[in-house]
Amino acid sequence: MAGDSESKLQLVQRHIRAFPDFPKEGIVFRDICPILKDPAALTAVIDLFEEHVRKNHQQLDLIVGLDARGFLFGPLLAQRLGLGFVLVRKKGKLPGTTVSVAYDLEYGKAEVEIQEDAVAPGQKVLLIDDLLATGGTLYAACELMKKLQAQIVGCLVVMELKELQGADKLKPHSVFSLLHY
């Protein structure tokens with residue numbers, strides 16, 4: 001099984017494109033679009049996430065996906081696991097009564113929100129996104145879960161930019177990353 005997981009991980013890694021100096025000079029943008037274009041690579045991502053979750057998080061109620069790329073992987077994983085999926089969106093994108101959290105970006109402020117009834121108190125949730133950089137968005141999503149009295153069992157990302165130390169911001173919550181840059 002370990003060999004199979006390693007070959008899946010290599011397939012995923014081969015489908016990440018690097019774009020130097022995007023969106024600005026000095027930044028290397030890691031593009032997941034080739035993963036989405038290739039059914040085998042997308043299946044490999046979901047297989048690897050599923051394997052991790054089944055091994056490490058037997059008690060789980062919901063997958064919570066972050067706007068917008070968490071929406072690409074989260075529903076597929078939730079379906080595999082027989083779980084529900086809920087959305088954390090940018091402010092102003094959800095109907096009905098919402099709960100929101102503001103957070104700082106390197107260039108300003110942002111706000112994320114969730115529908116007030118999306119997660120019940122005590123539900124065990126796993127958050128998912130494509131990328132962990134500085135950790136701001138995932139941290140805000142964790143704060144939303146705390147407001148709703150959910151139990152956060154961890155965070156999943158396709159890739160993590162280790163030098164930005166985003167995982168430190170999320171402690172005590174665990175972060176599982178398929179790839180590290």
Given Cα pairs under 8 Å that are at least 6 residues apart, what percent is the relative contact order of the chain? 17 percent
Scoring only Lys, Arg, Asp and Glu (+1, +1, -1, -1) among other residues with Cβ under 12 Å from the Cβ of L11 yields -2
What is the calculated FRET efficiency for D168 to K55, with r their C-beta to C-beta distance and R₀ = 25 Å, to the nearest 0.05? 0.55
Here the net charge surrounding L83, from other residues whose Cβ is less than 13 Å away from its Cβ (Lys, Arg +1; Asp, Glu -1), is +1
Give me the percent of DSSP beta bridges within the chain that run antiparallel, rounded to the nearest 5. 40 percent
Residues V119, V153 in order from fewest to most other beta-carbon atoms within 10 Å are V153, V119
A student applying the Cα gyration tensor rule (rounded when a/c is under 1.5; otherwise prolate if a/b is larger than b/c, oblate if not) would label segment 2-180 oblate
Taking only C-alpha pairs under 8 Å that are 6+ residues apart, what is the relative contact order of segment 1-82 in percent? 23 percent
Reachable lysines from K169, Cα under 23 Å, same-chain residues fewer than 8 places away excluded? K90, K91, K109, K124, K146, K147
Go ahead and set up a Gaussian network model of the chain, Cα springs under 10 Å, then flag whichever of I27, I128, I35 fluctuates most. I27
Could you tell me the calculated FRET efficiency between R17 and E106, based on Cβ-Cβ distance and R0 = 25 angstrom, to the nearest 0.05? 0.65
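Quick note: the coordinates plus some simple rules give every number you see, no bench work behind them. Just so you know, these numbers come straight off a predicted model, no measurement behind them. Neighbour counts are summed over all protein chains in view; Cβ atoms, including those assigned to glycine, are modelled from backbone coordinates with ideal geometry.
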